[in-house]
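Each remark here refers to the structure printed beneath this line.
Bear in mind that the values in this text are calculations on the coordinates, not laboratory data. Only a predicted model underlies this, so the values are computations on that prediction, with no experimental measurement involved. With ideal geometry, Cβ positions are generated from the backbone for all residues, glycine too; neighbour counts draw on all protein chains shown.
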Amino acid sequence: MNTLELGVTSSLLRIPMYLPEMFLPVGGVLLCLALVLQIIDGGIHKGGEHI
């Protein structure tokens, strides 16, 4: 939110930095969701077993 309020942009392309920074929390949430789904599914296998 600070980046948006301050109007910080990248040095080369002048892209507002809040745009790429939004992907960090989204990626974290998706990573946690994938972990929870793996645990629920029992998909964490020992070794290299793939179905």
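Can you work out the FRET efficiency for the pair Thr9 and Leu31, with r the C-beta to C-beta distance and R0 = 30 Å, to the nearest 0.05? Could you put the intermediate results ahead of the total?
On the way: r = 28 Å, r/R0 = 0.92.
Approximately 0.60, to the nearest 0.05.
How large is ³J(HN,Hα) for each residue in segment 4-13, as worked out from phi by the Karplus curve 6.51 cos²θ - 1.76 cosθ + 1.60 (θ = phi - 60°), to whole Hz, x for Gly and Pro?
5, 5, 7, x, 5, 10, 6, 6, 8, 9
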